[in-house]
Amino acid sequence: MGFFCGTLLGRQTASAVQSWCARSTRLLRLKDFHNRCSREEREACFLQPPTHPRAHTHTHTHTHTHTHTHTHTHTHTPPTTSAAVSIEEGEEMTENSVVHRGKVLTLGTMNPSVKRVEYAVRGPIVQRAVQLEQELKQGIQKPFTEVIKANIGDCHAMGQQPITFFRQVLALCCYPDLLEDNRFPEDTKTRARRILQACGGGSLGSYSASQGIEIVRQDVARYIEKRDGGIPCNPDNIYLTTGASDGITTMLKLLVSGEGSSRTGVMISIPQYPLYSAALAELSAVQISYYLDEENCWSLAVGELQHALEAARQYCRPRVLCIINPGNPTGQVQSRQCIEDVIKFAAEQNLFLMADEVYQDNVYADGCRFHSFKKVLFEMGSKYSDQVELVSFHSTSKCYMGECGFRAGYMEVVNMDPEVKVQLTKLVSVRLCPPVPGQVLLDLVVNPPLPEEPSYRTFFEERSATLAMLAEKARMTQQILNEVPGITCNPVQGAMYTFPRIQLPPKAIAQAKEKGQAPDMFYCMKLLEETGICLVPGSGFGQRDGTYHFRMTILPPTDKLKIVLAKIKEFHQSFTEQYS
Amino acid sequence: MHRLQSLANRSLISGAFDQCPALPRTSVKTSPKKSPCRVGVRRKSQEASIDGPYGLKRYSTSEATVAATVGNGQIREKTLTMETLNPQVKAVEYAVRGPIVIKAGEIERYLQEGGKKPFTEVIKANIGDAHAMGQQPITFLRQVVALCTFPELLDSPSFPKDAKWRARRILQSCGGQMLKHWVDCIRQDIAAYIEQRDQGVPANWENIFLTTGASDGIVSILRLLVSGQAHARTGVMIPIPQYPLYSAAIAEMDAVQVNYYLDEDNCWALDVHELHRAYQTAKEHCQPRVLCIINPGNPTGQVQSKKCIKDVLHFAYEENLFVMADEVYQDNVYAPDCQFHSFKKVLYEMGPEYFNSVELASFHSSSKGYTGECGFRGGFMEIVNLDPEVKSQLVKMLSVRLCPPVTGQAAMDVIVNPPQPDEPSHGQFYKEKGLVLGALADKAKLTEHILNAVPGIKCNPVQGAMYAFPRIFIPPRAVEEAQALGMQPDMMYCLRLLEETGICVVPGSGFGQREGSYHFRMTILPSAEKLKVLLEKVHDFHIKFLNEYSALDEAQRSVS
């Protein structure tokens, strides 16, 4: 094994040196006009309304929010040069009456793909929530006394306590003088010493290798092997990331290419976690939506994948299939059979599989179990495991850890072309390295205290308490929401969210449309203004035309969650009355 | 005339894609100088390669030869190959962690496994990674971060009061726990710090954005700025030599790189005429909209004078350019006659006409200065005169990434809010800071001094930052040999230096340099003793190298 790694690395280096030299020999490179032209075509192509009826629906919903927030964008045509801007906007007078030029960077001149990005989880409703919080602080009277943010999966902000063991080791690593402090259990010190030894100069302040600290990658590999019942995992295939988001965008960046109808198409679930649509917009890739089956507990049907793929082939080249399991925002846990079907589909259609498995430890429902894509892939035999390209993502932000602030995560690539892997390593090296404290944290997550170690008991208790609490809240949320007439909620089998469907009276829909708002945005805004509860409208995640949802986290402490649910119930009833 | 033309062309190295890096010579021949009319042809061939000739490229690694059969026995190719990979990713280059560093890692492993080399350890002078080179962290900073991480320590008597006070404040602003997109109190501290640094020039905390190291900020701002097609595509002016993050980001975004050359003979100073020249030439091909400045310089170590900054800002004002000032080395100024002037302060001093109009983003980081906390990935940027609508776009874009690591944010807070004279940690903090900066100043002098004593090496004074970027004479025969190998001459030089001495430095070609001149970048970070050994080894190696190509006399003549 060791020998294999050595030779592989050697070869990679050789080819890296070669290509590096090739490029640097080319001293004179005129701007590539060809590239420009084709990009223009590509943009034009992308901006055309896609022919796929479903994709159309999706863009349609987006247009609503877009028009609402940035009406001015459409009032003037985007100028192509900054010279054009100054002509257009003319000279402005500043407050102190000094004449100055038009800005270089305006909505008209900025990168259009950035403009297309939408990210509902931190969108306008959240901005309004922050404003309301400030208004409350200033003593302005509201029908509520606090803003409850159930919009984002931020456990600690909702009062979940961090795992003591993790924080102890991190503190030791940050400030090694504490290694002399006898109040720290011995096993925390052993971990801290081991990790510090692996850091340059014995300090967390050194850059790590771009791919991540080697021993951490080894520990991750061992963890995956154990999780998957012994299926081998090579540490060379592990890349540590700055949260899972970083890994997902990096992989998409590699995969997006081609122009016009050969532009990469990426299949994502609807509803989806909006990081995907945001990244695709930024990369000007083509989003191919496949719909989860709400009637069937948000499960994934391969027929639907097939359907979406066929329709998309007309306007792009579908190359990537993204799966979120357990689902965000939908909370479903995929069955083993379903995963197998998806893998078969990916193999047949030559798709690169991206498995977002950050909620792998958040499974609550009886009879549901988490199956990793990698494990299922390898159990399907070498016919599949030798060829299907798969990347799987994990993070320290969710599960029982909830350490969002440390921005830690990893991805495992399987069957990746070795030359592409060199390119991946190069790409991540430009960002230097993922935050080292986060890498340490990840190491502790994959390598928790063993039963014979002094921290085991506390660790185990804290972990179980957190997970049990989440399971309880998942049940409670589903139950209470389903009691409300006009709200139907699938079971929250896993993850941290519920995504109930809400019936909105036609009059409310009409009024929302008048205001240029998506109806569920209208609903959530009103909910926020009247109750102080901050949720994300379903339109930010995508949903079938004519259906409305919201996403709420199950993270607030039980007492608070009960209040939230009661308030929603009350609000929904009065909302329905008001508009019928 | 021809020479001018080539200079002009050179100032426009595109972020274009690279067709086939595995076949250097042919790709070099086919890709430069394409006229727009040949474009269609090239595109076709490219598309063809997506479907087509897979036979060309495979190495026989076990993974690569997997072309397994599916269902009805068709050969299945990988979805993601060099042919289908995003071409902009292929175009990215990043020498600081490039092939030479990968090679250094291999040699290190080889030595660990008991392999024999003419040296016992690899000295990595390739990257500004202070702690890895033995620099000690600032105690106070680590205390605050440890307290934030494990708040139970707030009860411990072994932590000073001022560290606890800061930790409590940060934790409170996080809502009791360690997460918030940007911790507002840290942004306020940064604004106060900037105001103090700039002697009262107002700073608005809402213009400050915390980032994941400075790199993250730079890439984010560039991403906002790049737009347009063909002749209207955004051109980004960067110094040559530059820090390769810039060229890498420009390549990834497919923007147009517009090079302006620093004046090596004048201590790497920036000459505004050169900016004009580069700008005028570039205007024919793209829409130059951004001007990037690195001050103090990386890799060149110069510190810009106030006069020069004024000229640059005036130029940006006249030509309507967005200014990006990379000021991460603002605390690293060693030369007694040099002083750091922030772009923002100078802009203010130029009067409201400038201060209210020039769009300026300035970047800072926890990785450099006297703290050297690279691993924490802390940093911030201040943006002035940004269009408010664009600002909300920026906030939205940054939101997708959720937040910069909070430990880095906490580290940044300590840097901008160090212990005050009446606080218990004040004495130790300033002692540690002074030690680090004093040692760096000594090493800057030492490096320049020893390198200049080597025949065929010429090194400008290291006025600031953490690097020396000496010019090296490479004998014509060695240049020919390198070219025959399809390698940059300074790459060959650095690879041999690594193989023979274990010293890892980065070839100048990774940063850009005038044609026909060769350099390497080395950090001044190793401990003084190690640095002396390192420099002596470079000295011996260089002389041996010259002797080998029997060019010692020539060297003495050429670079004197």
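The values are calculated or read from the model by the stated rules, or taken from the named source; none is laboratory data. The shown structure was predicted, so the numbers you read here are calculated from the model rather than taken from an experiment. Here Cβ is always computed from backbone atoms with ideal geometry, including for glycine, and neighbour counts include all displayed protein chains.
In the range A:397-449, the qualifying residues are those that are more than 10 Å from chain B (Cβ to nearest Cβ) and hydroxyl-bearing (Ser, Thr, Tyr), and the one that is farthest from the chain's Cα centre (by Cα) is A:Tyr400.
Listed by first and then second residue, the pairs with beta-carbon distance under 7 Å, at least 6 apart or on different chains, first residue in the range A:200-220 and more than 20 Å from B:Ala130 (Cα to Cα), second polar (S, T, N, Q) and assigned to a loop (DSSP other than H, G, I, E, B), are A:Arg217/A:Gln211; A:Asp219/A:Asn447. Checked against the criterion of being part of a helix (DSSP H, G or I), out of contact with any helix residue (DSSP H, G or I) (no Cβ under 6 Å at 6 or more places or on another chain), among the charged types (D, E, K, R) and touching a residue at least 24 places away in the same chain (Cβ under 8 Å), the candidates B:Lys445, B:Lys368, B:Lys396, B:Lys431 yield just one match: B:Lys445.
Scanning the range A:255-274 for residues that are touching a strand residue (DSSP E or B) at 6+ places or on another chain (Cβ under 9 Å), farther than 14 Å from A:Cys322 by Cβ and not polar (S, T, N, Q) yields A:Gly258, A:Arg263. Residues in the range B:260-281 that are in a helix (DSSP H, G or I), of a type in the set (D, E, K, R) and surrounded by fewer than 18 Cβ atoms within 10 Å (Cβ to Cβ): B:Asp265, B:Arg277.
Residues of the range A:282-325 that are closer than 16 Å to A:Phe352 by Cβ and within 11 Å of chain B (Cβ to nearest Cβ): A:Leu283, A:Ala285, A:Arg317, A:Pro318, A:Arg319, A:Val320, A:Leu321. Restricting attention to the range A:263-279, does a residue exist that is in contact with a Cys (Cβ under 6 Å, 6 or more places away or on another chain), in a loop (DSSP other than H, G, I, E, B), over 23 Å from A:Glu412 (Cβ atoms) and of a type in the set (Lys, Arg)? Yes, the range A:263-279 contains a residue that is in contact with a Cys (Cβ under 6 Å, 6 or more places away or on another chain), in a loop (DSSP other than H, G, I, E, B), over 23 Å from A:Glu412 (Cβ atoms) and of a type in the set (Lys, Arg).
Residues in the range A:506-544 that are farther than 15 Å from A:Ile148 by Cβ and assigned to a loop (DSSP other than H, G, I, E, B): A:Lys515, A:Gly516, A:Gln517, A:Ala518, A:Phe541, A:Gly542, A:Gln543, A:Arg544. Within the option set A:Ala192, A:Ala171, being facing chain B (nearest Cβ under 10 Å), in a helix (DSSP H, G or I) and modelled with pLDDT of 90 or more holds for one residue only, A:Ala171.
Working only within the range B:114-173, note down all residues that are of a type in the set (Lys, Arg), more than 8 Å from every other protein chain (Cβ to nearest Cβ) and part of a helix (DSSP H, G or I). The answer is B:Lys161, B:Lys164, B:Arg166, B:Arg168, B:Arg169. For the range B:371-389, taking the residues that are in a helix (DSSP H, G or I) and surrounded by fewer than 24 Cβ atoms within 10 Å (Cβ to Cβ), the one that is nearest to the other protein chains (Cβ to nearest Cβ) is identified as B:Glu389. Going by the structure shown, is B:Gly134 within 30 Å of the chain's Cα centre (by Cα), surrounded by fewer than 24 Cβ atoms within 10 Å (Cβ to Cβ) and at positive phi? Answer is yes for this residue. Contact annotation: residue pairs with Cβ atoms under 8 Å, 6 or more positions apart or on different chains, pairing a residue in the range B:126-147 that is small (Gly, Ala, Ser) with a partner that is at pLDDT below 90 and not in a loop (DSSP other than H, G, I, E, B), are B:Ala132/A:Gly200; B:Ala132/A:Gly201; B:Ala132/B:Lys124; B:Gly134/A:Gly201. A count restricted to the range B:399-417 and to residues that are in contact (Cβ under 8 Å) with a residue 24 or more places away in the chain and part of a helix (DSSP H, G or I) stands at 12.
Just so you know, in the range A:222-281 the residues that are at positive phi and surrounded by fewer than 24 Cβ atoms within 10 Å (Cβ to Cβ) include one that is farthest from the other protein chains (Cβ to nearest Cβ), and it is A:Gly229. Scanning the range B:198-235 for residues that are of a type in the set (D, E, K, R), more than 7 Å from every other protein chain (Cβ to nearest Cβ) and part of a loop (DSSP other than H, G, I, E, B) returns a single hit, B:Asp198. The residues on offer are B:Tyr243, B:Tyr261, and the sole one that is of a type outside the set (A, V, I, L, M, F, W, C) and at pLDDT 95 or above is B:Tyr261. Do we find a residue being within 14 Å of chain A (Cβ to nearest Cβ) and either crowded, with 24+ Cβ neighbours inside 10 Å or not in a loop (DSSP other than H, G, I, E, B) (or both) anywhere in the range B:341-348? Yes; the residues of the range B:341-348 include at least one that is within 14 Å of chain A (Cβ to nearest Cβ) and either crowded, with 24+ Cβ neighbours inside 10 Å or not in a loop (DSSP other than H, G, I, E, B) (or both). Within the option set B:Met466, B:Met412, being modelled with pLDDT under 95, within 25 Å of B:Ser509 (Cα to Cα) and under 20 Å from the mean Cα position of the chain (by Cα) holds for one residue only, B:Met466. Here A:Tyr315 does not fit the description of being buried (at least 24 other Cβ atoms within 10 Å of the Cβ) and out of contact with any Phe, Trp or Tyr (no Cβ under 6 Å at 6 or more places or on another chain).
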